[in-house]
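Just below is one structure, and these are the notes that go with it.
Any read-out appearing in this document is the output of simple, stated calculations on the displayed coordinates, not a laboratory observation. Bear in mind that the values here come from a model prediction, so they are computed numbers and not experimental data. All Cβ positions, even for glycine, are placed from backbone atoms using ideal geometry, and neighbour counts span all protein chains on display.
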Amino acid sequence: MRATGGLLLILAGSIGVASADPPLHQVETVAGEQVRGVLSALTKSELVVGTTRLPIARVLRWDRREASEGDKRISGSSRPTGHGRSLVMMVGGDRLACDVVKIGEEDIVVRWSLPVGRHDWRVPLEQVRAVVLDWPQDVKSRRRLLSRLDRNRQAADMLWLRGGDRLTGELRRMTQATVVLATEAGERHVPRKAVALVALNPELQVVADRRGQFVRVAFADGSRLTCGRPTVGVRERLVLALSSLSAAGGTSGCQVAASAIRSVQYFGGQAVRLSARPPLQTVHQPFLGNSRPAVVNRSIGGGALVVRNRWTADGLGMSSRTRSTWALDGTRRWFCARVAIDDTAAGGGDVVFRVKLDGRTAWTSGSVTGRDRPQQVGPLDLYGTTRLTLEVDYGRRADVGDHAAWLEPRLLPGSGRKRP
């Protein structure tokens, strides 16, 4: 498969530019502090929101809010804009809302509408999990589709037909009219309009390398992409380096309107994310049925971690009566997170979250339902602690709808009694 270089994506129009009704932003620091205001400046080393100047090393994420929203739901996550759009789902959780032009032996050619003046892009086939040719309009259908895709372990390419049948084999190509699949019985030429989804052989997929410093960006059209940390180019334009896309015309850059960015999540700083560390033990005691172990960076109900329409790339999904325990080595002093029931519960669920340090309860949430806002956890002092346990217990309705989420659980450095 062909390797692709980084792409410079230039975001023009919002940083350092005044407007009649500028958008508001909510910034969360690694210590859990919330700062709201107009994002007026962003450099490689710091950002300015309102009157607050923050080093980038202290920033966990920032989300765009419309000025008219007030204290309503944050629009930090978005979904593909409407029925009929395609969705290219990549290994590692990235996705691109686009129109698929064709699929070849090495890459997928797509038309992505957000960049100004440049709409044709290539995605390496080895980085793609699936291509959804018609993203469902209703939320329940989307969740069913994503859940079925998560369970797919077929060591072959597969066409999911609109009528419910499936064909397995090796994908040869896809044009505007036809999908060609090599099967044991010979080549099958299937009308593209009859195909709902193309699932690619998981044994040939390449896991994205996400070491060092990077960000996960949510776009207004529902795309979610991994990039290098933002820097500022000429005329106060924000520059991002993308590794999962290359411009079909060979260009090294493009411009995207400021309103196209919904959130930016920062990775690779001093915080140690629990999602990247295997626990010593995870135990789930089901109310009925089979055990459902905790999942990493996903909802226990299937799909990404989304709470109040705000996507979080890092976290743990759990059912009630689940506990996970990690060993601590003394190099990190504080624990922070947010907790909630995610949007797959559709407002249902009722749980209690607990944090235990060496078996003793250090924090508890009380009752949390699917209609509640996320609660901040910590910073909790870990001094002298050797075991950290995250626990989710039943609320008032057994385990119905208990799609609990630990959002961005992390360990922070520190010394003495000073909070981070």
Original post:
Hey, got the dipole for segment 86-204? About the Cα centre, +1 on K and R Cβ, -1 on D and E Cβ, debye to the nearest 20?
Top reply: 540 debye
Original post:
Using the per-residue mean of other Cβ atoms lying within 10 Å as a proxy for protection, in what order, highest first, do the peptides 88-98, 55-65 fall?
Top reply: 88-98, 55-65
**OP:** With a Förster radius of 25 Å, plug the Cβ-Cβ distance of Val91 and Val139 into 1/(1 + (r/R0)^6) and report the FRET value to the nearest 0.05.
**Re:** 0.55
Original post:
Under a no-solvent Debye model with one identical scatterer per Cα of segment 86-131, what's log10 I(q)/I(0) at q = 0.15, 0.21, 0.31 Å⁻¹?
Top reply: -0.33, -0.63, -1.21
Original post:
In nanometres, what is the gap between the two model label sites at Glu106 and Ala208, each 7 Å from Cα along Cα-to-Cβ?
Top reply: 2.2 nm
**OP:** Would you mind checking which residues have amide H under 5 Å from His403's amide H? H placed 1.01 Å from N; only 5 or more apart, or other chain.
**Re:** Asp342
**OP:** Could you work out how far the C-alpha centroid of segment 96-136 sits from that of segment 190-234, in angstrom?
**Re:** 10 Å
Original post:
Given R₀ = 51 Å, FRET efficiency for Lys44-Thr178 by Cβ-Cβ distance, to 0.05?
Top reply: 0.60
Original post:
In nm, to one decimal, how far is the modelled label at Leu161 from the one at Leu380, with both set 7 Å along Cα→Cβ?
Top reply: 5.3 nm
Original post:
Quick one: Karplus J couplings for segment 376-386, per residue in order, coefficients 6.51, -1.76, 1.60, θ = phi - 60°, nearest Hz, x for Gly and Pro?
Top reply: 7, 10, x, x, 9, 6, 9, 4, x, 8, 10
Subject >> Cross-link partners of Lys193 among aspartates and glutamates (Cα-Cα below 12 Å; sequence separation of 8 or more within a chain) >> reply: Asp134
Original post:
Dividing the alpha-carbon Rg of segment 294-420 by 2.2 N^0.38 Å yields what?
Top reply: 1.02
Subject >> Separation in nanometres of the label points that stand 7 Å from Cα toward Cβ, at Asp150 and Ala398 >> reply: 2.1 nm
**OP:** Mind checking which aspartates and glutamates have their Cα closer than 14 Å to the Cα of Lys356? Skip sequence neighbours fewer than 8 apart in that chain.
**Re:** Asp381, Glu391, Asp393
Original post:
Residue by residue, what Karplus-based ³J(HN,Hα) values in Hz, rounded to whole numbers, does segment 210-227 have, using 6.51, -1.76 and 1.60 with θ = phi - 60° and x for Gly and Pro?
Top reply: 10, 9, x, 9, 7, 10, 10, 10, 9, 9, 5, 8, x, 5, 9, 9, 8, 9
Subject >> Whether segment 251-357 is rounded, prolate or oblate, judged on the alpha carbon gyration tensor where a/c under 1.5 counts as rounded >> reply: oblate
Subject >> segment 86-204, relative contact order in percent, only Cα pairs under 8 angstrom and at least six apart counted >> reply: 24 percent
Original post:
Which percent of the Cα-Cα distances in segment 86-204 go past 25 Å?
Top reply: 17 percent
Original post:
From the backbone phi of segment 101-108, what are the Karplus-calculated ³J(HN,Hα) couplings (6.51 cos²θ - 1.76 cosθ + 1.60, θ = phi - 60°) in whole Hz, Gly and Pro given as x?
Top reply: 7, 6, 10, x, 6, 10, 8, 10
**OP:** Please label the shape of segment 165-324 as rounded, prolate or oblate, based on the square roots a ≥ b ≥ c of the eigenvalues of the alpha-carbon gyration tensor (a/c under 1.5 means rounded; beyond that, a/b larger than b/c means prolate, else oblate).
**Re:** oblate
